[in-house]
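Below: the structure, in structure tokens.
The values are calculated or read from the model by the stated rules, or taken from the named source; none is laboratory data. Not measured: the values here are computed from a predicted model. FYI the Cβ positions are ideal-geometry reconstructions off the backbone, even for glycines, and counts take in every protein chain you see. To get the accessible areas, we keep the full protein, side chains included, count just its heavy atoms, and leave off ligands, DNA and RNA. Shrake-Rupley method; radii C 1.70, N 1.55, O 1.52, S 1.80 Å.
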Amino acid sequence: MLGLAWRNLARHPLRTGLTLLGVAVTAAMLLDMVMLGGGLDRSFGELLLTRGYQIRIAPKGTMPFDSEAAITQASPLIAALRAHPEVESVGPVLGATLYGRPRGADSLVTLVAYGIDPQDQGLYRLVRGRDLQPDGTGQVVVSAEAAAALGVAVGDSVRLAGGLDPLAARTVEVHPFEVRAVVEWLYDFQGQRSAGLPLPALQRLTGTADRDPVSFVMVRVAHDGAVPGVATALTEAHPSVEVSSVTDLMRQFRDRLLYFRQLSYILGTISLVVAALLLGTLVTVTVNERLGEIAALRAIGIRRSTIVSHIVLESTALTVVGGAAGAVLGLVTARYLDTILTAFPGLPASVSFFVARPDALSVAAALLLGTGLLAGVYPAWRAARLPLASTLHEEAT
Amino acid sequence: MTPVFAAQGLARHYRSNGQTVPAVNGVDLTVERGEYVVIVGPSGCGKSTLLHLLGGIDQPTAGTLEILGRPVTALRDRELTSLRLREVGFVFQRFHLLPVLSAKENVMLPLAEAGVPRAARTARATELLAYVGLAGREHHRPTQLSGGEMQRVAIARALANEPTVILADEPTGELDAATGQAILDLFRRLHADGTTLVIVTHDAHLADQATRRVELLDGRVVADQSRDRG
């Protein structure tokens with residue numbers, strides 16, 4: 001049956017080819033929209049859980065990296081968190097701006113700096129070199145972009161300052177640091193120049209040691225199932241800070257992405273409608289051309305259900321072949337669009353707008369297949385209800 | 001024995017421009033097994049309509065028709081379709097072969113529909129194509145065959161499920177005289193082998209070789225003559 005359906009379609013190769021192309025384009029668009037619909041928040045969720053920290057604690061009313069607000073006098077809070085029986089790991093983070101002077105240059109390089117606890121950090125992955133030592137005062141890890149801008153490599157020394165003197169237009173409090181490693185920062189946007197150093201060192205360098213600030217704290221709970229309970233307990237124990245589980249953060253993030261999801265639903269629906277129109281038109285045209293043949297088949301005893309199956313199969317074959325080509329096209333365009341969208345400033349480069357997950361592929365395939373089947377139903381119904389005698393009479397005259 | 005067709009007061013009227021047009025108008029006709037019947041008459045006299053009624057692809061507006069003892073108006077579409085598949089073979093003026101299938105695949109189509117296993121239907125199609133003189137042409141597509149060859153494939157297809165009767169509508173209408181003669185010879189052979197034939201035709205040669213000639217005029221039977229060709 002499939003062979004007959006395909007041979008019927010191959011009667012008009014150009015027409016079938018153009019329809020397949022159209023189906024492929026709409027399938028690609030549908031796939032991209034399905035991937036976009038749930039891709040960014042899934043990707044964001046996975047990113048937040050990359051290092052297993054399921055809870056974030058930020059200044060009241062904020063999200064991590066959402067503002068420049070900080071939790072001051074953070075050491076007692078950190079100590080209390082570490083003392084919680086369900087808490088496995090606590091990673092404080094301070095965000096600040098540092099200035100580095102490239103070798104042999106007068107200009108300054110502005111760096112995004114993270115003050116972290118080298119033993120409890122969930123912000124970076126080592127690319128080359130060695131990690132900061134637990135008491136790594138005078139040590140720094142940098143992103144590849146920062147290393148390039150500063151002209152340093154692992155083992156080199158770099159001079160960093162925590163501020164600028166606006167009157168003298170020069171740095172203040174310059175300190176030498178040993179570059180221990182080049183690292184990949186998980187939450188950096190594309191091309192970001194970042195440096196990481198022990199939290200106390202950054203606090204001293206930025207002149208905030210007396211306030212003991214942290215921007216947020218990452219908390220890892222021993223068992224995922226205990227996360228909601230721990231988050232609730234920490235909220236009650238520390239009402240002056242914002243305690244959010246990754247689930248909470250994802251919910252907030254999802255709310256912010258409502259526009260993306262609506263856009264993807266609308267465009268995905270449009271692509272399905274276009275696919276249905278394309279397939280429906282082609283199959284209707286091919287059926288109209290074969291009314292005499294179909295009436296003759298019915299006359300020689302071919303059942304309505306067989307005729308319907310053949311026509312729906314033609315529509316389905318177009319959908320499957322066009323959809324397969326569309327899947328490839330969709331993945332390629334998604335990758336291209338992803339490189340454009342993730343280049344937006346302020347977005348972590350490691351998040352993806354388009355996530356090719358099996359469930360996204362399955363949803364797109366099921367929607368497209370359903371559309372293909374529906375598109376074949378009308379012409380098939382028409383063929384099945386054909387008045388045999390008058391159709392054969394018209395064919396003979 | 002139950003007749004192949006038994007029609008009483010059979011009528012088929014159409015509505016056209018607000019008027020009732022009687023294409024077939026009160027036909028009484030019984031066709032017994034083994035008969036070779038030609039239906040003749042001027043264009044528009046209702047020959048094809050009568051054939052369509054006999055084949056169960058059109059419904060009468062009045063009268064009764066039994067096909068192998070089964071009243072067609074009481075049969076559901078599914079039953080009529082099954083009856084056509086197994087008991088009635090159709091041959092059309094314009095052949096109506098599927099152009100995307102080979103000669104053999106066209107013949108195998110009604111066999112597949114009847115649920116005949118693949119090996120058996122391949123053998124049967126090969127045998128039938130040899131019977132109609134197309135051995136060696138099994139894998140040719142209709143576009144690679146002449147008109148006469150296409151009609152022979154159509155006859156082989158009509159014979160696929162060993163029907164009780166073959167209905168043919170102007171089977172030589174699209175063929176030249178020589179090719180038409182080959183089809184006539186084939187029908188003669190089919191009749192000699194015991195197949196019941198009911199053929200609508202304008203072809204005088206075809207009409208001459210039948211054992212019974214039914215003449216229609218304005219939807220009515222005006223002459224019904226049996227001749228012994230034995």
Requested in this report: Would you mind telling me which residue in B:Ala182, B:Ala120, B:Ala210 has the biggest mean-square fluctuation in a Gaussian network model of chain B, where springs connect alpha carbons within a distance under 10 angstrom?
Outcome: B:Ala120
Query raised in the report: Looking at B:Leu206, B:Leu129, B:Thr164, which one has the Cα that reaches farthest to the positive end of the dipole of the stretch B:95-230 (charges on Cβ: Lys, Arg +1; Asp, Glu -1)?
Result: B:Leu129
Query raised in the report: What trypsin sites (Lys or Arg not before Pro) does the stretch B:1-91 have in DSSP loop regions with at most 10 other beta carbons within 10 Å?
Result: B:Arg76
Query - Of B:Val37, A:Ala380, A:Ala24, farthest towards positive along the dipole that unit charges on Lys, Arg, Asp, Glu beta carbons give the protein assembly as shown - result: B:Val37
Report summary line: Per the charge dipole of the stretch A:283-340 (beta-carbon charges, Lys/Arg positive, Asp/Glu negative, Cα centre), the residue among A:Leu337, A:Val320, A:Thr286 reaching farthest to the positive end is A:Thr286
Report summary line: Taking every DSSP bridge whose two residues both lie in chain B, the antiparallel percent to the nearest 5 is 60 percent
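Would you mind classifying the stretch B:130-169 by shape? Square roots of the alpha carbon gyration tensor eigenvalues, ordered a ≥ b ≥ c; an a/c under 1.5 is rounded, otherwise it is prolate if a/b is larger than b/c and oblate if not. Kindly include the intermediate steps, with their values, before the conclusion.
Numbers: a/c = 2.54, a/b = 1.64, b/c = 1.55.
Note, shape of the stretch B:130-169 comes out prolate.
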Requested in this report: Determine one quarter of the surface area of the Cα convex hull of the stretch A:1-99, which equals its mean projected area, and express it in nm² to one decimal.
Outcome: 13.9 nm²
Query raised in the report: Taking K and R as +1 and D and E as -1, what net charge do the other residues with C-beta under 14 Å from the C-beta of B:Asp58 add up to?
Result: +1
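Roughly how many Å² is the accessible area per residue of chain B, as a whole number, for a 1.4 Å probe?
Numbers: 9660 Å² over 230 residues.
Per residue, chain B has an accessible area of 42 Å².
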Query raised in the report: Counting pairs of alpha carbon atoms under 8 Å apart in space and at least six apart in sequence, what relative contact order in percent does the stretch A:161-318 give?
Result: 11 percent
Report task. Treat each spin label as a single point 7 Å out from the Cα along the C-beta direction, and report the B:Arg118 to A:Leu277 distance in nm. Result -> 4.1 nm
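Dipole of the stretch B:1-75, Cα-centred, from +1 at each Lys and Arg C-beta and -1 at each Asp and Glu C-beta, to the nearest 20 debye? Each step should come with its number before you reach the end.
Details: 5 positive and 5 negative charges, 41 e Å.
Approximately 200 debye in magnitude.
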Report task. Note down the net charge around A:Ala231, summing +1 for each Lys or Arg and -1 for each Asp or Glu among other residues with Cβ under 11 Å from its Cβ. Result -> -3
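Treat every Asp and Glu Cβ in the stretch A:50-172 as -1 and every Lys and Arg Cβ as +1, leave all other atoms uncharged, and give the resulting dipole magnitude about the Cα centre to the nearest 20 debye. Could the numbers behind the result be given before it?
Numbers: 11 positive and 12 negative charges, 42 e Å.
Once rounded to the nearest 20, the dipole reads 200 debye.
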Query raised in the report: Hey, what did the stretch A:69-206 get for relative contact order, percent, Cα under 8 Å, at least 6 apart?
Result: 30 percent
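Considering only the other residues whose Cβ falls under 12 Å of the Cβ of A:Ala349, what net charge follows from Lys and Arg at +1 and Asp and Glu at -1? Could the numbers behind the result be given before it?
On the way: positive: none; negative: A:Glu145, A:Glu184, A:Asp188, A:Asp338.
Computed value for this residue: -4.
For chain A, what does the accessible surface come to per residue with a 1.4 Å probe? Please give it in Å². Before the final figure, lay out the partial values.
Working: 18130 Å² over 397 residues.
I get 46 Å² per residue for chain A.
Please work out whether the stretch B:3-139 counts as rounded, prolate or oblate from its C-alpha gyration tensor, where a ≥ b ≥ c are the square roots of the eigenvalues and a/c under 1.5 means rounded, while otherwise a/b larger than b/c means prolate and anything else oblate? If you can, show how the numbers build up before the last one.
Values: a/c = 2.17, a/b = 1.89, b/c = 1.15.
Prolate, since a/c reaches 1.5 and a/b exceeds b/c.
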Query raised in the report: What residues does the stretch B:81-116 have that are buried by at least 40 Å² of accessible area in the full protein assembly compared to the chain on its own, 1.4 angstrom probe?
Result: B:Thr81, B:Arg84, B:Phe92, B:Arg94, B:His96, B:Leu98, B:Val100, B:Leu109, B:Glu113
Query - List of the stretch A:350-397 residues, accessible area with partners at least 40 Å² below that of the chain alone (1.4 Å probe) - result: A:Ala389, A:Leu392, A:Glu395, A:Ala396
**Report entry** Cα-based Rg / Dmax (Å) for the protein assembly as shown
**Finding:** 41.4, 129
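Using r as the Cβ-Cβ distance of B:Ala178 and B:Arg141, and R0 as 25 Å, what FRET efficiency do you calculate, to the nearest 0.05?
Values: r = 23 Å, r/R0 = 0.93.
According to the calculation, E is roughly 0.60.
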Query raised in the report: In whole Å, what is the distance between the alpha-carbon centres of the stretch A:1-78 and the stretch A:318-357?
Result: 8 Å
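Report in % the part of the accessible area of the stretch A:155-292 that belongs to carbon and sulfur, leaving out ligands and nucleic acids; probe 1.4 Å. Display every interim value, and only then the final one.
Details: 3870 of 6610 Å².
Of the solvent-accessible surface of the stretch A:155-292, carbon and sulfur hold 59 percent.
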**Report entry** Cα-centre dipole for the protein assembly as shown with unit charges at Cβ (Lys and Arg positive, Asp and Glu negative), debye to 20
**Finding:** 820 debye
Requested in this report: Could you tell me which of rounded, prolate or oblate describes the stretch B:92-169, using a ≥ b ≥ c as the square roots of the eigenvalues of the alpha-carbon gyration tensor, with rounded for a/c under 1.5 and, failing that, prolate when a/b is larger than b/c and oblate otherwise?
Outcome: oblate
**Report entry** Area buried, chain B against chain A - accessible surface, total, 1.4 angstrom probe, square angstrom
**Finding:** 2200 Å²
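DSSP loop trypsin sites (Lys or Arg not before Pro) in the stretch A:326-397 with at most 15 other Cβ atoms within 10 Å of their Cβ, which ones?
Values: sites: A:Arg335, A:Arg382, A:Arg385; in loops: A:Arg385.
Hits after loop and neighbour filter: A:Arg385.
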Query raised in the report: Can you list the equivalent-ellipsoid semi-axes of the stretch A:197-319, largest first and in whole Å, using the square root of 5 times each Cα gyration tensor eigenvalue?
Result: 67, 18, 12
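Kindly provide the helix-only [θ] at 222 nm of chain A, computed as the sum of -39,500 (n - 2.57) over DSSP H runs of four or more divided by all residues, to the nearest 500 deg cm²/dmol? Don't skip to the end; give the middle numbers.
On the way: 12 runs with 204 residues, N = 397.
Calculated at 222 nm, the ellipticity per residue is -17000 deg cm²/dmol.
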Query - Two-decimal ratio, the stretch A:240-304, of alpha-carbon radius of gyration to 2.2 N^0.38 Å - result: 2.37
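Relative contact order for chain B using alpha-carbon pairs under 8 Å, separation at least 6, rounded to a whole percent?
On the way: 466 pairs, mean separation 65.8, N = 230.
Over chain B, the number comes to 29 percent.
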Report task. Determine Rg/Rh for chain B; Rg is computed over alpha-carbon atoms and Rh is the Kirkwood hydrodynamic estimate from the same atoms. Result -> 0.97
